[in-house]
Amino acid sequence: MNEQTKYVLDEAHLPEAWYNINADMPVPPQPVLNPQTLEPVTPEFLNVLFPMNLIGQEVSPDRWIEIPEPVREVYKLWRPTPLFRARRLELVLDTPAHIYYKYEGVSPVGSHKPNTAVPQAFYNKEAGTQALTTETGAGQWGSALAMACNFFDIDLEVYMVKVSYQQKPYRRVIMETYGAEVFPSPTEKTAVGRQILAQDANSPGSLGIAISEAVEVAATSGGTKKYSLGSVLNHVLLHQTVIGLEALDQMEMADEYPDMVIGCTGGGSNFAGLAYPFLHQNFTNGKSTRVIAVEPTSCPTLTRGHYTFDYGDTAGMAPIVKMHTLGRNFVPAGIHAGGLRYHGMSPSLSALVHNGDIEAQAVNQLATFEAAIQFAKAEGIVAAPESAHAIRVAIDEALHCKEAGDKKVILFNLSGHGHFDMGAYNDFLQGKLQDYEYPAEAVEAAMAQLPEIELA
Ligand SMILES: *Cc1c(COP(=O)(O)O)cnc(C)c1O
């Protein structure tokens, strides 16, 4: 047994291609639908929002997609990222399990999100896009895309959920440092924003609303602006697979293979980034790793949502996809894991959960922060509240191993650090946080607003 704590790959081992799970899906993908016609979308429709090169990746059947050299050059600023064995946490838990984590918090903006922001900016630049629009919740995605757009010389407008804009002013300053323009959503700039403000002048905003605004601005720009999404879509998830591809090599350096792979899920991108390359091993190489997606009980998309066709945004302007959903009008409780508050989920991840290839668990906010504090004290890293959901389940599984005397190997994704979430940690430490379970009745009520889809 190898006694190392940290497994570091050199730049020469940066992956040369992303893994595309489309090639190995055990169930066929469902069509993406046009929100106006309710018919399968055409490339021309998607091209209003996205450049053709990214649309090509969205529907590509190819298992491997080469990473362009200029993208690899930028990746080298922080990749490959380290894989740690959490030896000190194992000691505290007194567990026979071996716990590993892949740490994405070493990127310049502190999360996994630049893994897709950089290629999205690159492909848009190649396609001649002058400006991008996007939404951001907690500001993690906005800051990643702001950095990437700066590197590839593209303008950026960010629609930031108003409650986060107010709670996290420093994230806005990071985006502005890279040169982006940031607006608190809902704004008066769009028809959607004006309509929502007319109903509720104090609307705290939501990711669904901010997406509608960013989509509207791009769709009505006459082609100069495109829209960029930080999660959910297939091309986003596949860009993130550098995480799992590196982790496969690093687990080999450690001379172990994970029995469990765990990640938190907002739209599914950091989870898929780590887990899909291991699912590839399950599907094609006889492995049987348990793959566990973790979400908050306050936004229980996978554990309580319905698997059905729904709009990607609140206003019904974004494409309709088949996914787990809480309904497009979902307005989350003001919990502190801002990145985990989207009403829907990536279609491939939803299909894999539905098919039984991936397990899903929901955890409470207080138990999640308890895990984050235990992890910070043992390993030194103050995790993003989103990532702490994965820590919670990794600790729970390690404790099950202790009871059972089981020497399992657990790997989880530490998707980011929590240095901009001190308000949340402060609230927890002062006993001001509460658990919140999204009511089952609210899920049922929301299902009345689903689009009525009849596919041939
Ligand atoms: C955005 C974010 C998430 C949630 O988004 P996914 O697409 O599900 O990964 C999780 N962790 C961190 C640190 C984030 O910034």
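Each reported figure results from applying straightforward, stated rules to the coordinates on display, with no laboratory input. If you're wondering where the values come from, they're calculated on a predicted model, not measured in any experiment. So basically every Cβ, Gly included, is an ideal-geometry build from the backbone, and we count neighbours across all protein chains shown.
Assorted remarks:
- Helical mean residue ellipticity (222 nm; -39500 (n - 2.57) per DSSP H run of 4+; nearest 500) of the chain: -12000 deg cm²/dmol
- Extreme residue, positive dipole direction of region 78-237, given options Ser212, Thr129, Leu93 (C-beta unit charges): Leu93
- Modelled label reach - Glu452, point 7 Å along Cα→Cβ, region 18-47 residues with backbone N closer than 16 Å: 36-39
- Full-stretch length increase - Ala333, Leu91 - with 0.36 nm per residue and alpha-carbon distance subtracted: 83.6 nm
- Glu73 versus His419: modelled label distance in nm, points set 7 Å from Cα along the beta carbon direction: 2.6
- The alpha carbons of region 183-229 give a radius of gyration and a Dmax of 10.7, 32 Å, in that order.
- Cβ-defined net charge surrounding Leu229, 12 Å radius [Lys, Arg +1; Asp, Glu -1]: -1
- Projected over every direction and averaged, the convex hull enclosing the alpha-carbon atoms of region 293-419 yields 8.7 nm².
- Contour minus Cα-Cα distance for His13 and Gln195 (0.36 nm per residue): 60.5 nm
- DSSP-defined antiparallel bridges as percent of all bridges, region 216-343, nearest 5: 55
- Simple label model, 7 Å out from Cα along Cβ direction - Asn355 to Asp24, nm: 1.1
- Computed over the alpha-carbon pairs of the chain, the distance histogram in 10 Å steps reads 4, 22, 34, 27, 10, 2, 0 percent, short to long.
- Debye intensity ratio in log₁₀ form over the Cα atoms of region 35-178, taken at each q of 0.10, 0.19 Å⁻¹: -0.47, -1.16
- For peptides 43-49, 131-137, 295-301, 357-363, sequence by mean Cβ density within 10 Å, most packed first: 131-137, 295-301, 357-363, 43-49
- Positive-pole candidate from Ala371, Ala424, Pro70, dipole of the chain, charges at beta carbon: Ala424
- Were the residues from Leu38 through Thr284 laid out at 0.36 nm apart, the gain over their Cα-Cα distance would be 85.0 nm.
- Per the Cα gyration tensor, region 1-103 maps to an equivalent ellipsoid with semi-axes of 39, 20, 12 Å, ordered largest to smallest.
- The label-point distance for Asn202 and Ala445, in a model that sets each label 7 Å from Cα toward Cβ, rounds to 1.9 nm.
- Considering only the chain, percent of DSSP beta bridges that pair antiparallel, nearest 5: 35
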